[in-house]
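Readers should treat all values here as calculations from the given coordinates under stated rules, not as data from a laboratory. Because the structure is predicted, anything quoted here is derived from the model rather than measured. Virtual Cβ from ideal backbone geometry, glycine too; neighbours counted across all protein chains shown.
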Amino acid sequence: MPAQALPFFTAHRVLAGREIAQIAGLSSPNIDFMISAVAPLESASAVDLCYMDNRKYLDDLKNTKARACLVSPRFSEFVPAGTFQFVTPDPYRIYCLVLALLYPGAASPRSTFGMTGVSERAVVHETAILGEGVTIDPGAMIGPDAQIGEFTCIGPNAVIGPGVVIGRSCSIGAGCAITHASVGDHVIIHPGVAIGQDGFGFSLGREGHLKVAQIGAVIVHDLVEIGANTTIDRGSIRNTVIGQGCKIDNLVQIAHNVVIGRNCVIAAQAGIAGSTTLGNFVAVGGQSGIAPHLTIGDGAQIAGASGVTRDIPAGERWAGFPARPTKKFFRQHRMVELLAEQRLHINDEPLS
């Protein structure tokens, strides 16, 4: 194994210090250095930019050799004299903007073969419609009447089913399977994602379980990002909908008829059961499960590993299983701990 990470990503350009200052909304007198890479605090060198906004890394900040550091005001005094500091209330966000300029190819899947145009080894049905500047890697299959918007990239061995619509400037990763779906513009779909397969619907009975035909679709709006190996089932009658700007992590399961509002964030291994509705700006922690036919209000936050069995009002934070308001959860958890401690110390003897 290599001793350090291989250089899969190299900077697309260099940035002048004054450019970074402008991105951060700061004045830029006497800033004449150049930044050609980013690095963690502990390994940064005289050409690197880093950021700091977590007390856990205070010692690394004090000893960093970085040329410059984006730092929140509370840690400004700890920046070494040899490191230029961009003091900003949101260093991580500015760091993200700088990353996008230095490494534009890292934000979404690109052609695995570094190619443009349609590979001779791709299979594109004669009735499919391809926009200007579309890239289709070897092994990809585009079905009848599918539409691929301009400047979209389809990765190797991806399958775009009949009649599927993919918008413009999208990135579809290797091995994706997209059927019975309409995908908006500027959507990023990472490798292994499956969209549009039938939902888990059965009429249960003593003589066997009768499969329910799923005749809906999946609607993915603009600016959505879907992590690797996530699955989104098509609707049974109504459509499954992913709202504009949603960010979905790896290995998430979204069942049939689920409707997700705008700008929701759903972390890895979460599962949302059928016909549940999430409002706008909902945050779902990793490994959480949400039962079917529920409504999660706008701005609600669900802690990781929670089990949601009831509707959650807008703006509330819930945790635990069964999930309940966070303050109530921690209060009850602490009470159980206190009762256990009290019982264990009766007669100074542990329970058998």
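Before moving on, here are some points about what is shown:
- Annotation: for a label point projected 7 angstrom from Cα along Cα→Cβ of ASP298, residues of region 221-254 with backbone N closer than 17 Å are 243-246.
- Figure legend: label point modelled 7 angstrom from the Cα of ASP222 along Cα→Cβ; residues of region 119-161 with amide N under 19 Å from it are 131-132, 148-153.
- Considering only alpha-carbon pairs that sit under 8 angstrom and 6 or more positions apart, the relative contact order computed for the chain is 6 percent.
- For a straight C-alpha distance cut-off of 14 angstrom, the aspartates and glutamates reachable from LYS211 (same-chain residues fewer than eight places away being disregarded) are ASP198.
- Counting Lys and Arg as +1 and Asp and Glu as -1 over every other residue whose Cβ lies under 14 Å from the Cβ of GLY131, the net charge comes to -2.
- GNM remark for the chain: springs join alpha carbons under 10 Å apart, and the peak mean-square fluctuation among VAL282, VAL187, VAL336 falls on VAL336.
- Listed by chain and number, the lysines placed with their C-alpha closer than 26 angstrom to that of LYS56 are LYS65, LYS327; residues fewer than eight positions away on the same chain are left out.
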